[in-house]
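Here is the structure we will look at, set down as structure tokens.
The values are calculated or read from the model by the stated rules, or taken from the named source; none is laboratory data. These numbers come from a predicted model, not from an experiment. Positions of Cβ are generated from backbone atoms using ideal geometry, with glycine treated the same way; all protein chains shown enter the neighbour counts. Calculation scope for accessible area: heavy atoms of the full protein, side chains included, ligands and nucleic acids excluded. Shrake-Rupley method; radii C 1.70, N 1.55, O 1.52, S 1.80 Å.
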Amino acid sequence: MTVSFQLFSARNFQPWEDVLKLLADQGYKNIEGFGGVYEDPKAFRALMDQNGLSMPSGHFAIDMLENDFAKATGIATTLGVKTMICPFLLPDARPADRAGWVEFAHRLAAVGEKCASAGFKFAWHNHDFEFKALADGTIPQEIILEHAPDIGWEMDVAWVVRGGADPFAWIERFGPRIWVAHVKDIAPEGECKDEDGWADVGEGVMKWGELLAALKAQGQTRLFVMEHDKPADLARFARRSLQNFNQL
């Protein structure tokens, strides 16, 4: 079981050299990249090496994956990424019906084939919108997984909950597809409003002990990534989350 840290959580606490040193000092060995750290991959890799950090996974926008795949794989190679993950669709790019989501799933499948040919694994990362039923009652996340059968899933478990779905049911059904899990927490109702209602891992309402057991029982989730979308204190979040996760 490998623990990592999504650098999106630290986007408001730059410079990156300070962030990486803080994470290394807290005991992290792995980080997960996103577009905000890809401007100069060689320089960022040097910072990683200075702090003894590896990047087994990274987020890459669908536009880059489809329209400049060579750039995406170049970044991934430089940073040591093994699993490339598509993380998001802007609201105006989200399909409105089943046919649109099937088409999008086929696009992801095509990216997955290119990644496999280039020696990378490929996965989709969810938010909450994929769990909102369409007019015909179908669920976009289900369409993605069924119509792109060879790609993996980076399951952001807390976003599943915010999407109104039962994460245990999804783990039971699609556990073998969940190669990576985002580990984040939801604050009790009315708390942490300045942090958009998110909490440090283990300090909120998510049943992480049970969730971790369910993910591990499926046997395919190897990477667990700490994340908080809007921490007020990066050091506090990084420290408490890793401590609490290690005690699960």
Original post:
Roughly how many whole Å is it from the C-alpha centroid of region 119-196 to that of region 7-49?
Top reply: 25 Å
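What FRET efficiency do you get for residue 40 and residue 235 if R0 is 35 Å and r is their Cβ-Cβ distance, rounded to the nearest 0.05?
According to the calculation, E is roughly 0.90.
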Original post:
Does the chain classify as rounded, prolate or oblate by the C-alpha gyration tensor (a ≥ b ≥ c root eigenvalues; a/c under 1.5 gives rounded; else a/b over b/c gives prolate, otherwise oblate)?
Top reply: oblate
Original post:
Which of the GluC sites (Glu not before Pro) found in region 1-52 are in a DSSP loop and have at most 15 neighbouring Cβ atoms, other than their own, within 10 Å?
Top reply: 39
**OP:** Treating cross-link reach as a plain straight distance, find the aspartates and glutamates whose alpha-carbon is under 20 Å from the alpha-carbon of residue 193, omitting any fewer than eight places away in the same chain.
**Re:** 128, 185, 203, 227, 229, 233
Subject >> Contour excess over end-to-end distance, with Cα ends at residue 25 and residue 106 and 0.36 nm allotted per residue >> reply: 24.9 nm
Subject >> Contour excess over end-to-end distance, with Cα ends at residue 17 and residue 1 and 0.36 nm allotted per residue >> reply: 3.1 nm
Original post:
residue 64: accessible area at probe 1.4 Å, nearest 10 Å²?
Top reply: 50 Å²
Original post:
Rounded to the nearest whole Å², what accessible area per residue is found for the chain with the 1.4 Å probe?
Top reply: 44 Å²
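Which order, highest average first, do 103-115, 143-155 follow once you tally other Cβ atoms within 10 Å for each residue and take the mean per peptide?
Taking the mean over residues of other Cβ atoms within 10 Å, the ranking is 143-155, 103-115.
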**OP:** When a/c is below 1.5 the answer is rounded, else prolate if a/b is larger than b/c, else oblate, so apply that to region 39-146 with a ≥ b ≥ c taken from the square roots of the Cα gyration tensor eigenvalues.
**Re:** prolate
Original post:
Quick one: if you stick a label point 7 Å off each Cα along the C-beta vector at residue 196 and residue 210, how many nm between them?
Top reply: 2.6 nm
**OP:** Using a 1.4 angstrom probe on heavy atoms only, work out the carbon and sulfur share of the accessible area of the chain in %.
**Re:** 49 percent
Subject >> As computed over region 149-248, the Cα convex hull volume per residue (Å³) >> reply: 95 Å³
**OP:** Just need the relative contact order of region 9-135 here, percent rounded to a whole number, with Cα pairs under 8 Å and 6+ apart.
**Re:** 21 percent
Original post:
All other residues with a Cβ under 10 Å from the Cβ of residue 233 taken together, and with Lys, Arg as +1 and Asp, Glu as -1, what is their net charge?
Top reply: +1
